[in-house]
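The values are calculated or read from the model by the stated rules, or taken from the named source; none is laboratory data. Nothing here was measured: the structure is a model prediction, and the numbers come from that model. A quick note on method: Cβ atoms are made from the backbone with ideal geometry, for glycine too, and the neighbour counts reach across all protein chains shown. For accessibility, only protein heavy atoms count, side chains too; no ligands or nucleic acids. Shrake-Rupley method; radii C 1.70, N 1.55, O 1.52, S 1.80 Å.
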Amino acid sequence: MTVESTATRKPRRSSKRVGAKKTRAGQPELVQLLTPEGERVEHPDYAIDLTPEELRGLYRDMLLTRRFDAEATSLQRQGELGLWASLLGQEAAQIGSARALRDDDYVFPTYREHGVAWCRGVDPSNLLGMFRGVNNGGWDPKSNNFHLYTIVIGSQTLHATGYAMGVAKDGADAAVIAYFGDGASSQGDVAEAFTFSAVYNAPVVFFCQNNQWAISEPTERQTRVPLYQRAQGYGFPGVRVDGNDVLACLAVTRSALERARSGEGPTLVEAFTYRMGAHTTSDDPTRYRQDEERVAWEAKDPIARLRAYLEREGFADEAFFAEVDEESEALGKRVRDAVRAMPDPDPMAMFEHTYADGHALVDEERAQFAAYQASFAEEEN
């Protein structure tokens, strides 16, 4: 469900600061509408005014997504999943940007967009099925306009650009969004996507979640300029947004999508956020980053920030927070039970759906694998 703006409504309180373009001294310039302390501020280029119900909905989305993510991490540690890529700390970037989308917009994710998947109506158990190795995603991309997860770093930006070029040729009133990380920004695929999208004026938004670490490489090893400034060299605008501010992510992404739909071409959005957990469950971040860094970013937690604002403004009470907490526990149990009930796939299924009309090499490989499997039965006999 898309969160709609109600910009014509008068402000309820006078606690908003006007014209806040930068964070405090020493911090990077970015678009921010909600401070880490939960204080509402205004930005001259990105006005947004949401109802209390809409604000509570954003909080619910973020909390449930975090609970699902925590459950998935726990399931991997218990041996129920082969791997898991956590989004811990990036909930605002994903929920804010996803709630700016319309139903007819199309999403190309990486492998960490669990919050975006949630907003697009993808059953969380389907995400877990992929990481358990029982399916290749388990959902129909056409039913949710949400493409399957992409493991190859950066390739989805080219997929999104090509799709967006097709949308433009069809004359459709829709936009495309591609998610990728700061590490992927160094891939040639991303540079090619920027070039094609600019030249063909494709209606695509490139949403980069800069979580400061490309596995063990810090952002300063990836680029000598802020990532959003790279867009200038390709001839389209770039903007950096506070990736821990769900309101700013919503407002900036909505503006970029509207620009794309109106025929003005691509935009690069850099969501400046932080990966609080490991890159994946096979990673040990304590080997390459300091605890003090994580502690500093925990003070900017996106969920705590919005909760503070809701409480300060009287938009939510303890009964609401307790209800969402209870719902989150039910979600955790549901996905836990769903994973443990998943049947093992047929080993031969890996050869299906590789080519639409079959392929001689795949047939040969299938026969070889079948013979290999049969050899175990012969040994047992």
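Sorting ILE95, ILE215 on solvent-accessible area from highest to lowest, probe radius 1.4 Å, gives ILE215, ILE95. Relative contact order of segment 26-93, taken over Cα pairs closer than 8 Å and 6 or more residues apart, is 20 percent.
Around the Cα centre of segment 46-113, unit charges on the Cβ atoms of Lys, Arg, Asp and Glu (plus for the first two, minus for the last two) sum to a dipole of about 300 debye.
Of the lysine pairs in the chain, how many meet both conditions: Cα atoms under 27 Å apart, and a spacing of 8 or more in sequence or different chains? Lysine pairs meeting the criterion: 6. Springs join every pair of Cα atoms under 10 Å in this Gaussian network model of the chain, and among PRO124, PRO28, PRO266 the largest mean-square fluctuation is at PRO28. Computed from phi, the 3J(HN,Hα) profile of segment 156-165 under the Karplus parametrisation 6.51, -1.76, 1.60 (θ = phi - 60°) reads 5, 5, 5, 4, 5, 5, x, 5, 5, 4 Hz, with x in place of Gly and Pro. Over segment 106-265, the alpha carbon radius of gyration divided by the compact-protein estimate 2.2 N^0.38 Å works out to 1.02. Computed across segment 175-219, the Kirkwood hydrodynamic radius from all distinct Cα-Cα pairs reaches 11.2 Å. At what distance in angstrom do the alpha carbon centres of segment 289-344 and segment 180-224 lie from each other? Cα centres, segment 289-344 to segment 180-224: 29 Å. Each Cα pair under 8 Å and six or more residues apart adds its sequence gap; the mean of these over the residue count of the chain is a relative contact order of 21 percent. When a 1.4 Å probe is rolled over the protein heavy atoms, the share of accessible surface on the chain that falls to carbon and sulfur comes to 50 percent. Here is the P(r) of segment 71-143: all C-alpha pair distances, binned every 5 Å from 0, give 3, 16, 26, 25, 17, 9, 3, 1 in whole percents.
Accessible surface for HIS159 stands near 90 Å², nearest 10, in the context of the full protein assembly shown (1.4 Å probe). Think of a 1.4 Å ball rolled over the protein heavy atoms: the chain then has 47 Å² of accessible area per residue. Residue ranking by accessible heavy-atom surface, 1.4 Å probe, largest first, among GLU292, GLU313 comes out as GLU292, GLU313.
Within the assembled protein chains, the solvent-accessible surface assigned to LYS300 is about 50 Å², based on a 1.4 Å probe. Dividing the summed helix terms, -39500 (n - 2.57) for each DSSP H run of n ≥ 4, by the number of residues in the chain produces a 222 nm estimate of -13500 deg cm²/dmol to the nearest 500. Mean silhouette area of the chain, derived from the convex hull of its C-alpha atoms and averaged over all directions, reads 21.9 nm². Our compactness index for segment 39-160, the C-alpha radius of gyration over the empirical 2.2 N^0.38 Å, is 1.13. Using a probe of 1.4 Å, the accessible surface attributed to LEU148 totals some 50 Å² when neighbouring protein chains are kept in position. Considering only alpha-carbon pairs that sit under 8 angstrom and 6 or more positions apart, the relative contact order computed for segment 147-221 is 36 percent. In a simple Cβ point-charge model (Lys, Arg +1; Asp, Glu -1; nothing else charged), segment 326-381 has a dipole of about 260 debye relative to its Cα centre. When DSSP beta bridges are restricted to pairs lying wholly in the chain, around 15% turn out antiparallel.
Net charge dipole, the chain: roughly 1740 debye, given to the nearest 20, about the Cα centre with Cβ charges of +1 for Lys and Arg and -1 for Asp and Glu.
Between the C-alpha center of segment 52-117 and that of segment 121-148 there is a gap of 13 Å.
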